[in-house]
Amino acid sequence: MNVVMIIPTGIFCSIGGDAGDANAAAKVIAAACEDGKLIAHPNVFNASDVNEMTENSLFVEGSQLDKFLEGEYYLKPVYQNKILIAVNKSDWQSINSVNAARATIGCRAEIIELQTPL
């Protein structure tokens, strides 16, 4: 069975929301999915939790989750997306951060320097 776990933003949830601290609850729900998938969004997992997700968990951006639930999109598991980091100036801090992500989690990441700074 597939399960979608949604935690709304800004309504004083006891778990999740701002800090994405619903990882423990998500693991319990994912275990109950048996052969299915747990589909979650950023209020469930924050960036530091992504590497702790169970193998049957899928991380979906909020607006894409809306489109999926409305029947406009289908989801397909993708286990390695390319990450684009847009920076005002490509300095040693951004280069070191991206290299650390590449080395620790094996992600494919690229830095692009913006022509018009934000």
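The values are calculated or read from the model by the stated rules, or taken from the named source; none is laboratory data. Not measured: the values here are computed from a predicted model. Cβ: placed from backbone, ideal geometry, glycine included. Neighbour counts: every protein chain shown.
For the range 3-28, how many residues are outside any loop (DSSP other than H, G, I, E, B) and either modelled with pLDDT under 65 or among the small types (Gly, Ala, Ser) (or both)?
Residues flagged as outside any loop (DSSP other than H, G, I, E, B) and either modelled with pLDDT under 65 or among the small types (Gly, Ala, Ser) (or both) within the range 3-28 amount to 3.
Residue 100 fails exactly one of the following numbered conditions: (1) over 26 Å from residue 27 (Cα atoms); (2) in contact (Cβ under 8 Å) with a residue 24 or more places away in the chain; (3) assigned to a helix (DSSP H, G or I); (4) among the aliphatic types (A, V, I, L, M). What is the number of that condition?
Here residue 100 clears every test but (2).
Could you tell me whether any residue of the range 34-42 is at pLDDT below 90, of a type in the set (Val, Ile, Thr) and surrounded by 10 or more Cβ atoms within 10 Å (Cβ to Cβ)?
no
Restricting to the range 62-78, count the residues that are at pLDDT 90 or above, small (Gly, Ala, Ser) and in a helix (DSSP H, G or I).
Summing the residues that are at pLDDT 90 or above, small (Gly, Ala, Ser) and in a helix (DSSP H, G or I) in the range 62-78 gives 0.
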